[in-house]
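Read the structure below first, then the notes.
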Amino acid sequence: MSIKNSKTTLLVVIIFCLGLYNSFSALGATNPDPAGEDFIRSLRDQVLSTLTPKELSEADRKSNFEKIIDRYFDINRMARMSLGRYWRKADKDERNEFITQFKAMVVNTYAERFKSYSGERLIVSGSSKRGRMILVNSEFKKKGEKPVRIDWRIFGIKDKYKLFDVIIEGVSLVQTNRSQFSSVVRRNDGSISALLKLLREKNSK
């Protein structure tokens, strides 16, 4: 259930340490949102201070990551968007379990990999706002390599912000997950319970 492209997977992990995409990018640098930019800087700083120390135990790193998810991520929106059209077909119990298993998948997939951080930098470079949706632009910089563009999709109400997608050089994390989840459901004759079973098995390892 993790991202298949290993380079993209590693970038997502390191970036934390530090469809709608086209509609946002067309706005260019107009209508910026400085508070949204500060939100991403705060996320970066929290990850650096609580997830990257190499002496952390696996349990402590996972616990710290869960706290960051609860504070900065709209995990319900991420789960709903990642399940796509099958969200409407799921009943209440299936939706609740999917959110639980989705969050566990994110924690189990990425938490321990944060210790691979080795000084890379995430530089916030701007933002654009459309209604309550904000796109924060940044560059991931590693010494000796070409900078990678990272866009962060945020939902904001007044001074409350939540992250719900990360886009790496135009590749959406949510859309990548949706493609993989949909593939599992289709292969099992539209059964959401089959996807939940697979997630439970993956998260229990």
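Read-outs: derived from the displayed coordinates by stated rules, not from any lab. Predicted, not measured: the structure shown is a model, and the values here were computed from it. As a convention, Cβ positions derive from the backbone with ideal geometry for all residues, glycine included, and neighbour counts pool all protein chains shown.
Taking 1.306 mPa s as the viscosity and 10 °C as the temperature, the Stokes-Einstein diffusion coefficient of the stretch 6-203 based on its alpha-carbon Kirkwood radius rounds to 91 µm²/s. The stretch 89-132 to the stretch 171-205: how many Å between their Cα centroids? The two parts, judged by their Cα centres, are 16 Å apart.
In debye to the nearest 20, how big a dipole does the chain give about its Cα centre with +1 on each Lys and Arg Cβ and -1 on each Asp and Glu Cβ?
Values: 39 positive and 24 negative charges, 84 e Å.
Dipole about the Cα centre, nearest 20: 400 debye.
The DSSP beta bridges internal to the chain are antiparallel in roughly 95% of cases.
Between the listed residues Asn137, Leu83, Thr109, the Cα displaced farthest toward the positive end of the dipole of the stretch 73-157, a dipole computed from Cβ unit charges relative to the Cα centre, is found at Asn137.
Can you work out ³J(HN,Hα) from phi for every residue in the stretch 41-56, in order, using Karplus 6.51 cos²θ - 1.76 cosθ + 1.60 and θ = phi - 60°, giving whole Hz and x for Gly and Pro? So the J values, rounded to whole Hz, are 4, 5, 4, 4, 5, 5, 5, 4, 7, 10, 10, 8, x, 6, 7, 5. Simple rule: put +1 on each Lys or Arg Cβ and -1 on each Asp or Glu Cβ in the stretch 6-203, find the dipole, and look at Thr30, Thr52, Ser63; the Cα lying farthest toward the positive end is Thr30. In the structure shown, the pairs Lys54/Lys197; Lys115/Lys142; Lys158/Lys197; Lys54/Lys160; Lys54/Lys142; Lys142/Lys197 are assessed against 27 Å; a Cα-Cα span above that value is assigned to Lys54/Lys197; Lys158/Lys197; Lys54/Lys160; Lys142/Lys197. A DSSP coil position with no more than 13 other Cβ atoms inside 10 Å describes the following trypsin sites (Lys or Arg not before Pro) in the stretch 31-137: Lys54, Arg85, Arg132.
Applied to the stretch 151-167, the Karplus parametrisation 6.51 cos²θ - 1.76 cosθ + 1.60 on θ = phi - 60° returns per-residue 3J(HN,Hα) values of 10, 10, 9, 10, 10, x, 10, 6, 9, 9, 10, 9, 8, 9, 6, 10, 10 Hz, with x for Gly and Pro.
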